[in-house]
Structure formats: C-alpha cells, structure tokens
1. For residue 9 and residue 60, what does the FRET efficiency come to when R0 = 35 Å and r is the distance between their Cβ atoms, rounded to the nearest 0.05?
2. How much length is gained on full extension from residue 18 to residue 50, taking 0.36 nm per residue of separation minus their Cα-Cα distance?
3. Between residue 35 and residue 1, what is the spin-label point distance in nm, taking each point 7 Å from the Cα along the Cα→C-beta axis?
4. Ordered by residue, what ³J(HN,Hα) values in Hz, to whole numbers, does the range 58-64 give under the Karplus form 6.51 cos²θ - 1.76 cosθ + 1.60, where θ = phi - 60° and Gly and Pro are x?
Amino acid sequence: AIAFVLYTSIGLLGYCSYLEDTEDVILYNFPEGTLTTVTQRAMAVMFVFTFIVQIYPIHHMADEWYAVLMEEDAEADSFAEKVVLRAS
C-alpha cells in the first residue's frame, strides 16, 4: 500500500508539472542522450528475461483448468462448476 501511494503521488506530481507535454511512455519525457538510451535498452533486456516470471501465473491457472476439465466428475455439469469445485 505504501509503494502504491508513493508511486501514484510521484506520478501525479510529475504529470501536473508538465500537463500536455507529458508523453504516454515515461522514457519519452527524458532528453535524448546516452543515459536515456542505456535505460531503454536495460528495460528491454529486463522485459525479455522476466517474461517467464510474468507468464507463469497464467500458465499455472491454465494447467489447473485443463486438469479440472480432464477429470471425470459426474456431479459437475459445466466448466464453471468444475473450476469452482476444484478451487474450493
């Protein structure tokens, strides 16, 4: 909660400082230069190597849903019922 308040406050203050001049992508607000280029490339590398961590929860849920669908459960009539019964 503290991090959310801190990031939101800084973001709002930054936006209020520049209003219409604020770009959608935060890195576009910085002047062209070596530091900006290095930062953009570092973020690109970070996104490439953290993709697996970001996609894991979705993959895990899909595996669980697939397992539920493959179970022979005579009591559950629908996919939603099978998922709810499995989650509880």
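1. That pair, residue 9 with residue 60, gives E of 0.55.
2. 8.4 nm
3. With each label placed 7 Å out from Cα toward Cβ, I get 3.5 nm.
4. 5, 4, 5, 5, 4, 4, 5
The numbers here are math on the coordinates, done by the rules we state, and not lab data. Since the structure is predicted, the reported quantities are computational estimates derived from the model, not experimental observations. As a convention, Cβ positions derive from the backbone with ideal geometry for all residues, glycine included, and neighbour counts pool all protein chains shown.
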